[in-house]
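Working notes, beginning with the structure itself.
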Amino acid sequence: MKELSSLQVAIVGVGLIGGSLARALKAAGVTREIVGMSRKPETLNKALELGVIDRGETQAAAVGPVDILVIATPVRAVPDIMHAFAPHLSAESTVTDVGSVKTFVCEAAERHLGDARSRFVPGHPIAGTEHAGVEASFASLFENRTVILTPEEDVSGTALETVDAMWRLAGASVVRMDPRRHDELLAATSHLPHMVAYALVNCLARHPQAEELFRLAAGGFYDFTRIASSDPLMWRDIGSTNAGPLIESMKTFRAELDALIEALETRDEEALHRTFAGAKQARDLGLARKNGDR
Ligand code: NAP
């Protein structure tokens, strides 16, 4: 692993993920300065107050030379940020991001990063909460979590080592994957569950007795729909930039729902039991394997 120390780091988007990474790198004692960049001065003031960053800027030109640039904004903002930073990056700067969709940011890097494209290492930490903003950030967010890196084949070895080492310092383990495969897998495991949670909550919210339903709903309903409290803008961007794989996952899910409706309509108790037993077995096994992996 490449040794990192005395790093000049810029983090664009000092929210849950950017703020947590800043805290983790500070805790690891490897930074000389962390510069935060955001649209709103209030966000930067809050991050400075909390000691998450050392300096705040609202313009790329004011950030200065960096060893690592981390883009941690909602995905749709990434191309403009790359475009704004490209003229200010030195030949030593490594660029990475944390976006939940990877094909979109890889294509943006191709178009907007210029020479720095070969030093761009796209990343996605499989860690988070339903809360947003720097106030929700914490240093241990990435501990024992996985970060997926989706670099192009011709990426600079030094840039790849730098980003790999950065995430290991934050406590995560790192795996590599093709960006398209990442987007298909995450559509199924993360993006689809969010769509289902949003749809389920709206299904109740549009009911004429919505108020009573929400009052009567058991803990299981709120557990299941916790992720529907996630930031709507972030999820708008994830949905629109990963629409193809997400639609495929949603169609597969719709077929499962249709099969359940048919089993209910025909009072097919055997099919119902088979469906529920199969799901229980798959979930129990998946969870045991995941915990065994740790
Ligand atoms: P967040 O808490 O809402 O933070 C996003 C930050 O980006 C905000 O502080 C916002 O501050 C800033 N921002 C938004 N647009 C900007 C722009 N155009 N230029 C500069 N700053 C901008 O969101 P998050 O949860 O950290 O998510 C950030 C990224 O991480 C997203 O791409 C998301 O897909 C990815 N991700 C999220 C999770 C999760 O569970 N939350 C997990 C893995 C990956 P201002 O409003 O002041 O600009």
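Taken together, the residues in the range 17-26 that are open to solvent by 20 Å² or more (accessible area, probe 1.4 Å) and touching a helix residue (DSSP H, G or I) at 6+ places or on another chain (Cβ under 9 Å) amount to 0.
Taking the range 6-30 as the range and being within 11 Å of the ligand (Cβ to nearest atom) and hydroxyl-bearing (S, T, Y) as the test, only S20 passes.
Screening D154, D115 for residues that are part of a loop (DSSP other than H, G, I, E, B), open to solvent by 30 Å² or more (accessible area, probe 1.4 Å), farther than 27 Å from H194 by Cα and away from the ligand (no atom under 13 Å from the Cβ) leaves exactly one candidate, D154.
Listed here are the residues, each with its yes/no results for (1) over 16 Å from the mean Cα position of the chain (by Cα); (2) touching a residue at least 40 places away in the same chain (Cβ under 8 Å); (3) assigned by TED's automatic domain parsing to the domain that holds V95.
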site	(1), (2), (3)
R119	yes, yes, yes
E130	no, yes, yes
L141	no, yes, yes
T146	no, no, yes
V155	yes, no, yes
T162	yes, yes, yes
R168	yes, yes, yes
A172	no, yes, yes
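Specify which of the listed residues (L141, L186, L204) is closer than 30 Å to R39 by Cα and outside any loop (DSSP other than H, G, I, E, B). Answer to the check: L186. Counting only helices (runs of 4 or more DSSP H) that fall entirely inside the range 208-290 and contain at least 1 residues that are touching a residue at least 40 places away in the same chain (Cβ under 8 Å) and under 17 Å from T189 (Cβ atoms), the qualifying elements are 232-241, 243-265. Listed by first and then second residue, the pairs with beta-carbon distance under 8 Å, at least 6 apart or on different chains, first residue in the range 68-91 and under 13 Å from S38 (Cα atoms), second surrounded by fewer than 24 Cβ atoms within 10 Å (Cβ to Cβ) and aromatic (F, W, Y), are V78/F104.
This table checks each residue for (1) open to solvent by less than 20 Å² (accessible area, probe 1.4 Å); (2) over 26 Å from L233 (Cβ atoms).
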{"position": "R111", "(1), (2)": "no, no"}
{"position": "F120", "(1), (2)": "yes, no"}
{"position": "A132", "(1), (2)": "no, no"}
{"position": "A139", "(1), (2)": "no, no"}
{"position": "A170", "(1), (2)": "yes, no"}
{"position": "V175", "(1), (2)": "no, yes"}
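The lone criterion from (1) of a type in the set (V, I, T); (2) surrounded by fewer than 20 Cβ atoms within 10 Å (Cβ to Cβ); (3) closer than 30 Å to L4 by Cα left unmet by V163 is number (2).
Taken over the range 46-58, the residue count meeting the criterion of being open to solvent by 50 Å² or more (accessible area, probe 1.4 Å) and either hydroxyl-bearing (S, T, Y) or more than 10 Å from the ligand (Cβ to nearest atom) (or both) is 6. List the number of the failed condition for E42; all other conditions in (1) more than 9 Å from the ligand (Cβ to nearest atom); (2) free of Cβ contacts under 8 Å to residues at least 12 places away in the same chain hold. Unmet for E42, out of (1) more than 9 Å from the ligand (Cβ to nearest atom); (2) free of Cβ contacts under 8 Å to residues at least 12 places away in the same chain: (1).
The values are calculated or read from the model by the stated rules, or taken from the named source; none is laboratory data. No experiment lies behind these values; they were computed from the predicted model shown. Ideal geometry is used to build each Cβ from the backbone, glycine not excepted, and the neighbour counts take in all protein chains shown. When the accessible area is computed, the model is the full protein with side chains, heavy atoms only, and any ligands, DNA or RNA have been set aside. Shrake-Rupley method; radii C 1.70, N 1.55, O 1.52, S 1.80 Å.
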